[in-house]
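Here's the structure we're looking at; comments come further down.
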Amino acid sequence: MVNKEAVANRREGMVEEALPALSFRVKLDGEENMVLAHLSGKMRMNHIRIMPGNRVIVEMGPDGRRGRIVRRL
């Protein structure tokens, strides 16, 4: 099941830069700053490729600076 807090804390954005170890810099819609995001486990297992320019959904952490990419749009 999906936690209601996690659904409320999802944001849409665009991948700006690919970093080592499946990490990415994502620019969120409506915000100036970028967040550091990594791939979720299911996306790693299914070998989903994320490239700069892809639109993604990011599940944000409690601090708002880091997140997890849960879907490519």
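Read the figures in this text as sums done on the coordinates, not as results from a lab. On a predicted model such as this, the values are computed, not experimentally measured, just so you know. Every residue, glycine as well, gets a Cβ built from its backbone with ideal geometry; the counts of neighbours run over all protein chains shown.
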| task | Please go through the range 48-73 and pick out each residue that is under 19 Å from Ala21 (Cα atoms) and among the small types (Gly, Ala, Ser). | result | Gly53, Gly61, Gly67
| query | Hey, any hits in the range 21-30 for a residue that's over 12 Å from the mean Cα position of the chain (by Cα), assigned to a strand (DSSP E or B) and exposed (fewer than 15 other Cβ atoms within 10 Å of the Cβ)? | reply | no
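Mind telling me which of the residues Pro52, Pro62 ends up being within 14 Å of Asn9 (Cα to Cα) and either part of a loop (DSSP other than H, G, I, E, B) or without any contact (Cβ under 8 Å) to a residue 12 or more places away in the chain (or both)? Write out each step before concluding.
Details: Pro52 fails: within 14 Å of Asn9 (Cα to Cα).
Unique residue meeting the criteria: Pro62.
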| Going through the range 34-46 one residue at a time, which ones are in contact (Cβ under 8 Å) with a residue 24 or more places away in the chain and in a loop (DSSP other than H, G, I, E, B)? | Ser40
